[in-house]
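Report on one structure; see the data block that follows.
The values are calculated or read from the model by the stated rules, or taken from the named source; none is laboratory data. The shown structure was predicted, so the numbers you read here are calculated from the model rather than taken from an experiment. Heads up, the Cβs are rebuilt from the backbone with ideal geometry, glycines too, and the neighbour counts pull from every protein chain shown.
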Ligand code: HEC
């Protein structure tokens, strides 16, 4: 039997299609993974860091968190399972699974991006519209 009559290039096309389908599903997977985990922001838009010396968690940071954050991020059911009752817990973050603070790197710290309102729908404390959505 001769194979001369098989449509030329057909086999090649099928494999191109299969390869393309694989690439697409890989992209889709990467996309889903990205939606799930990776939060990104433009660190260039962060406000300048404070140049105050001798800041400490107990003296300077904790009172700020207590004033603006702890009402949602403490108690029986802290929002996003993020409880701010110790420095270690503040750094660790909540159910997102990402550390809220990257020690020594505020530009990479999600909390800093959230309080600077650089991540849509993650502004902390939540903006009025976000709060009404929560209710
Ligand atoms: C009105 C309630 C409320 C207040 C006040 C609030 N948050 Fe939140 N916070 C939330 C909610 C709700 C989420 C989950 C949002 C989501 O995942 O869509 C959250 C999530 C977070 C997360 C992500 C935690 C994780 O890893 O899952 C961080 C970090 C955070 N808040 C920081 C802060 C900081 C810092 C403040 C104070 C400046 C603050 N929040 C004040 C409600 C609040």
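Among the residues of the stretch 104-117, what is the count of those that are surrounded by 15 or more Cβ atoms within 10 Å (Cβ to Cβ) and part of a helix (DSSP H, G or I)? Can you show your working first?
Going residue by residue through the stretch 104-117, those that are surrounded by 15 or more Cβ atoms within 10 Å (Cβ to Cβ) are 106, 109-116.
Imposing the further condition that a residue be part of a helix (DSSP H, G or I) reduces the set to 106, 110-115.
Selection size over the stretch 104-117: 7.
Please enumerate the residues belonging to the stretch 71-108 that are touching a residue at least 60 places away in the same chain (Cβ under 8 Å) and in contact with a helix residue (DSSP H, G or I) (Cβ under 7 Å, 6 or more places away or on another chain). Write out each step before concluding.
From the stretch 71-108, those touching a residue at least 60 places away in the same chain (Cβ under 8 Å) are 97-98, 106-108; that's our starting set.
Within the stretch 71-108, 98, 106, 107 qualify.
Which number in (1) more than 10 Å from the ligand (Cβ to nearest atom); (2) loosely packed, with under 12 Cβ neighbours inside 10 Å; (3) over 17 Å from the mean Cα position of the chain (by Cα); (4) at pLDDT 95 or above marks the one condition that residue 60 misses?
Result: residue 60 passes all but (2).
Filter the stretch 66-103 for residues that are part of a helix (DSSP H, G or I), near the ligand (Cβ under 7 Å from one of its atoms) and crowded, with 17+ Cβ neighbours inside 10 Å and give the result. Before you say what the answer is, go through the steps one by one.
Start the filter on the stretch 66-103 by keeping residues that are part of a helix (DSSP H, G or I), which leaves 66-68, 79-81, 87-92.
Those still in the list that are near the ligand (Cβ under 7 Å from one of its atoms) too: 68, 79-81.
Scanning the stretch 66-103 gives a single hit, 79.
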